[in-house]
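*Asks:* Sharing a structure, written as structure tokens. Questions coming.
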Amino acid sequence: MALLVLVPPGNEFLSCSIYTHRFTFASFVLFSFLSLFSCSTPETEKSSTVILDSVDEINRDSGGESVAHMRSADSTVEASMPLDDLLAEIGALWEGDNKEEARRFFDAIDRERLSPGWETSQWTYMRGLLFTEKWSGPELGLAEGSISALLIDGDDVWIGTWTGGISRLSDPLQSHTLRDAGLPTLAIRTVNRIRRYNRSIWIVRYGALERYDTRSGIWELVNGLPVNERLQDLCILDNKIYLGTLGEGLWVKEGREWNNMPNPGRFITRLELGDDGELLIATMNRGLFLYKARENTWLRPPLGLLEDANVTSVLRSGDRIVGGTFGEGGFIWNTKSSEMLWFGLEELGDLWVLSVAELNDLLLFGTFGSGMNCLNPVDGTWDRISIKEGLPSADVSSLSVDKRGNIWVGTLGGGVVKVSGDIYDTR
């Protein structure tokens, strides 16, 4: 379990500059781009050549024999079938574009039969092959593949990048519509958040707020903002617009007037809707705040917990608040019992959590260096999907779940990955 590290109270700017938990937000973005050289695959065509080579290797290691009579949809997997033959058959089915049958065969593998080394590594590789689909930045029309924001909008996925790119992917049609390629520029144009409210898509950039009308197809630049830079997040609750900034605090617009809300401090990292009428506010140097807008009341975690944490991501799941931090791992705060659970290197493989999401009863944590980690709160088990499973980058900056139970993973340098929710039915 990770230990809670408290920064001594004092000047906000001192607290922010000492850590931001290791370095400032700007240097984090720079370091993210450097990670392209170590944690991501080249942004070219999908790596079908590598996949086919691996499948061929499986066939060679199994003597080149395939089990042709088992390729029909109504075939029965033999319990005594050698593992090498089963892996070879799965590879052959995949090459024949019969993914459902390949998944069924994969599901028949008893993990307890796997020996360490080759068998385990091939099982892991096949798992990623069968249950993930990838798009690099260029495949989406984007200049680069460092994803900073995702939004599920029906069958579409809105994608934003660190350099300001915006693309909308239609999953059923396997096509995309490009809004902005995000070509490199001296200006900071990072897309920090993409939101939908009624018929509008809101794009929160570092220095601008844009809105897209889904009916008319018209884009507009929103004017009259209280600040013009370091815009971080936006949330709409009861027809009030809440705007979080990284340095100028939290603002709320009711009618035509913007007003500053000083309580959560100046450095807002994330805004999320909680229970009815509740706003979750994550900060860079003051931890987490829960704001009951209709009662105008504030709630914080128990004294001494999360007080100075740099909270990057947060969501409400029943009585629990699930979140991630820079440098202190992930956490679950039970707002009913006041219990706080922490997860560190042992569970997550990394202390930097960039994103969180929920899939049915499973909790997902995206990390800066250790891929996506899944917690089953019922039995306390963990599962990791990272480079070995086929992620193009181990840095998971964004997570979102669609109505079909697919997990959309935004990576730093590796573009977007769709992970089938069925992957957790095969463990």
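*Asks:* Under 5 Å between amide H atoms, partner at least 5 residues away or on a different chain: which partners does residue 205 have, H built in plane at 1.01 Å?
*Replies:* Residues meeting the criterion, in which the H sits 1.01 Å from N, are 192, 210.
*Asks:* Using each residue's phi in the range 319-325, evaluate 6.51 cos²θ - 1.76 cosθ + 1.60 at θ = phi - 60° and report the 3J(HN,Hα) Karplus result to the nearest Hz, with x for Gly and Pro.
*Replies:* Ordered by residue, 3J(HN,Hα) equals 7, 10, 10, 9, x, x, 9 Hz.
*Asks:* Here's something else I'd like to know. Taking the Kirkwood radius as the inverse of the mean 1/r across Cα pairs, report the Rg/Rh of the range 178-294.
*Replies:* 0.96
*Asks:* What is the set of long-range amide H partners of residue 269 at a cut-off below 5 Å, with H atoms built 1.01 Å from backbone N?
*Replies:* Correct list: 282, 283, 284.
*Asks:* Find the centroid of the Cα atoms in the range 364-392 and in the range 313-358, then give the distance between the two in whole Å.
*Replies:* Here the two parts' Cα centres lie 13 Å apart.
*Asks:* Within a 10 angstrom radius of the beta carbon, how do 372, 340 rank from fewest other beta carbons to most? If you can, show how the numbers build up before the last one.
*Replies:* Details: 372 25, 340 16.
In increasing order of surrounding Cβ atoms, one gets 340, 372.
*Asks:* Then there is this: Among the listed pairs 292/336; 240/336; 240/292; 240/418; 134/388; 134/403, give every one whose C-alpha distance is greater than 22 Å.
*Replies:* Going by Cα-Cα distance, 240/336; 240/418 fall outside the 22 Å limit.
*Asks:* Then there is this: If the viscosity is 1.002 mPa s and the temperature 20 °C, what translational diffusion coefficient in µm²/s does Stokes-Einstein give for the range 352-427 when Rh comes from Kirkwood over Cα pairs?
*Replies:* Details: Rh = 12.1 Å.
Translational D for this selection: 177 µm²/s.
*Asks:* Give me 422, 110, 402 sorted ascending by neighbouring Cβ count inside 10 Å, so fewest comes first. Before the final figure, lay out each step's value.
*Replies:* On the way: 422 14, 110 8, 402 17.
Placing the least packed residue first, the sequence is 110, 422, 402.
*Asks:* Same structure again: Taking amide H positions as placed 1.01 Å from N in the peptide plane, with prolines and chain starts having none, which residues 5 or more places from residue 401, or on another chain, fall under 5 Å of its amide H?
*Replies:* 408
*Asks:* Of 267, 365, how do they rank once you tally other Cβ atoms within 10 Å and put the fewest first? Working shown, then result.
*Replies:* Details: 267 26, 365 31.
Arranged by neighbour count, lowest to highest, 267, 365 become 267, 365.
*Asks:* For residue 197, what is the net charge nearby, where nearby means another residue's Cβ is under 14 Å from its Cβ and Lys, Arg count +1, Asp, Glu -1? Before the final figure, lay out each step's value.
*Replies:* Details: positive: 193, 195, 196, 199, 211, 215, 240, 253; negative: 153, 210, 213, 233, 238, 272.
With Lys, Arg at +1 and Asp, Glu at -1, the net is +2.
The numbers here are math on the coordinates, done by the rules we state, and not lab data. From a predicted model like this one, the values you see are computed outputs, not experimental measurements. Reconstructed Cβ throughout: ideal geometry from the backbone, glycine too, with neighbour counts over all protein chains shown.
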